[in-house]
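For reference, the structure I am asking about is given below.
The values are calculated or read from the model by the stated rules, or taken from the named source; none is laboratory data. Keep in mind that what you see is a predicted model, and the values were worked out from it rather than measured. Positions of Cβ are generated from backbone atoms using ideal geometry, with glycine treated the same way; all protein chains shown enter the neighbour counts.
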Amino acid sequence: MDFKEYVGQNKAAIFDTIMGYMPIKEPEGHYRAVREYSQRQGNYRRPGLLMLTGEMFSATADMLRLPAAAMQLSEDWILMHDDVEDNSEMRRGKPAIHKLYGAEIAINAGDAAHLVMWRVIKDYMAAAQKDVGTRLFDKFYDMLERTVEGQYTEMNFIYNIRSLSKATMDLYLKIVGSKTCYYSVYGPMQLGAIVAGQDEGTLGVMRSIGEPAGIAFQIVDDILDMTADEKTFGKKRYGDLYEGKLTLIMLHAYNAATADEKRKIDAIYSKRREQKTEEEIGFLADLAARSASVDYARSLANKYGEDAKAAAEKHSESLPENEYGQVLRSAISELYTRSK
């Protein structure tokens, strides 16, 4: 069994749990908006990592289901807010929520889904041993706090800095470290380990594996934004360029550009999404192609992915020798070899 198969076996139960916390009631229009992203069902990678790690350390699926549902709910409400903040066009193959309901309703729906997430966590805490429930709450809070800090850093670049001349690899890694490594990879793994009663040493091992895996995951996301089919990826192609995000690809292309090209790049990045033209986005994409920036990014993704695999081998004595440990290794590979 690989990671995709594992997620497939657990997805329906997690989804049903989420829907049980989101009944349609009055005002009906509000609750339909609240359910919008949850009903679209993402790839469930984050709750999958949570459940997989927990089962690897002998927690049962029943023990893990509420934390996994909360993890997926966190993704759903964060994406509602992110899509409004970035004025995104598509999410999970359909129009972004604010394109359907308007920004004000979308933000309110995200707030409501956020409340549901904490209700799920409260119910888990009531059923779990007190120390385990408290540790899970504290970890969940810390993970989300770091995530919104990373979102601030990214939005500050997009809306205030708006220039690759002021961007660095350190800034890129600062954003990735909060929004991707912690939230998307080692945070869910740590939550699963907490449910299984593991100590802080084990949580440190999860981080040592998850940090390089998370960097690889984000770099691949940058690559897919430039190369993937929209239907497969579920988002508009070149969305990062339209939104003015700091990606490893454009940072590399900028550093390889001539002085005139840099001025043009900065002029494009100074504009908001709706002000950018297709010709300008085409210029950025062509520049990245001429600079072989996608190939550069792919080589770094492979490097960080291999670092994650090496960390897993280094700490192999901390990973139980069971079927879930093998699936976790396939999950690490899937993070940087995925196509969507």
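Taking T202 as meeting all but one of (1) surrounded by fewer than 23 Cβ atoms within 10 Å (Cβ to Cβ); (2) of a type in the set (S, T, Y); (3) under 12 Å from the mean Cα position of the chain (by Cα), write down the number of the exception.
(3)
Among the listed residues M117, M90, identify the single one that is within 17 Å of Q41 (Cα to Cα) and surrounded by fewer than 20 Cβ atoms within 10 Å (Cβ to Cβ).
M90
Looking at E278, is it more than 21 Å from N156 (Cβ to Cβ) and surrounded by 15 or more Cβ atoms within 10 Å (Cβ to Cβ)?
no
Within the range 314-340, work out how many residues are in contact (Cβ under 8 Å) with a residue 40 or more places away in the chain and not in a helix (DSSP H, G or I).
7
Does at least one position in the range 184-194 carry a residue that is part of a helix (DSSP H, G or I), in contact with a Gly (Cβ under 7 Å, 6 or more places away or on another chain) and of a type in the set (S, T, Y)?
Checking the range 184-194: at least one residue is part of a helix (DSSP H, G or I), in contact with a Gly (Cβ under 7 Å, 6 or more places away or on another chain) and of a type in the set (S, T, Y).
Test of understanding: among K166, K122, K174, which residue is farther than 13 Å from I78 by Cα, among the basic types (K, R), out of contact with any strand residue (DSSP E or B) (no Cβ under 8 Å at 6 or more places or on another chain) and not assigned by TED's automatic domain parsing to the domain that holds P212?
Only one candidate passes the filter, namely K122.
Then there is this: Which condition from (1) surrounded by fewer than 18 Cβ atoms within 10 Å (Cβ to Cβ); (2) closer than 14 Å to V195 by Cα; (3) not hydrophobic (A, V, I, L, M, F, W, C) is the one that P47 breaks?
(1)
Please pick out the residue among A289, A297 that is crowded, with 18+ Cβ neighbours inside 10 Å and over 23 Å from Y159 (Cα atoms).
A297
Further, regarding this structure: List the pairs whose first member sits in the range 169-191 and is in contact (Cβ under 8 Å) with a residue 40 or more places away in the chain, whose second member is hydroxyl-bearing (S, T, Y), and whose Cβ atoms are under 6 Å apart, counting only residues at least 6 apart or on separate chains?
Correct list of pairs: I175/T153; Y183/T147; M189/T53.
In addition: Would the range 220-232 turn up any residue that is surrounded by fewer than 23 Cβ atoms within 10 Å (Cβ to Cβ), at negative phi and of a type in the set (G, A, S)?
yes
Moving to a separate point now. Without any contact (Cβ under 8 Å) to a residue 40 or more places away in the chain and either under 17 Å from V185 (Cβ atoms) or not polar (S, T, N, Q) (or both), is that true of G282?
yes
Specify which of the listed residues (E89, E75) is under 28 Å from R32 (Cβ atoms), in contact with a Phe, Trp or Tyr (Cβ under 9 Å, 6 or more places away or on another chain) and without any contact (Cβ under 8 Å) to a residue 60 or more places away in the chain.
Only one candidate qualifies: E75.
Right, here's the next one. Test each condition in (1) touching a residue at least 40 places away in the same chain (Cβ under 8 Å); (2) of a type outside the set (G, A, S); (3) within 28 Å of E243 (Cα to Cα) for R119 and report the one that comes out false.
Answer for R119: the failing condition is (3).
Kindly indicate the residue of the range 30-44 that is of a type in the set (G, A, S) and assigned to a helix (DSSP H, G or I) and also farthest from K4 (Cα to Cα) among those meeting that condition.
For the range 30-44, the residue satisfying everything is A33.
Working carefully through the options I161, I194, find the one that is crowded, with 16+ Cβ neighbours inside 10 Å, closer than 28 Å to D123 by Cβ, assigned by TED's automatic domain parsing to the domain that holds A308 and β-branched (V, I, T).
Answer to the selection: I194.
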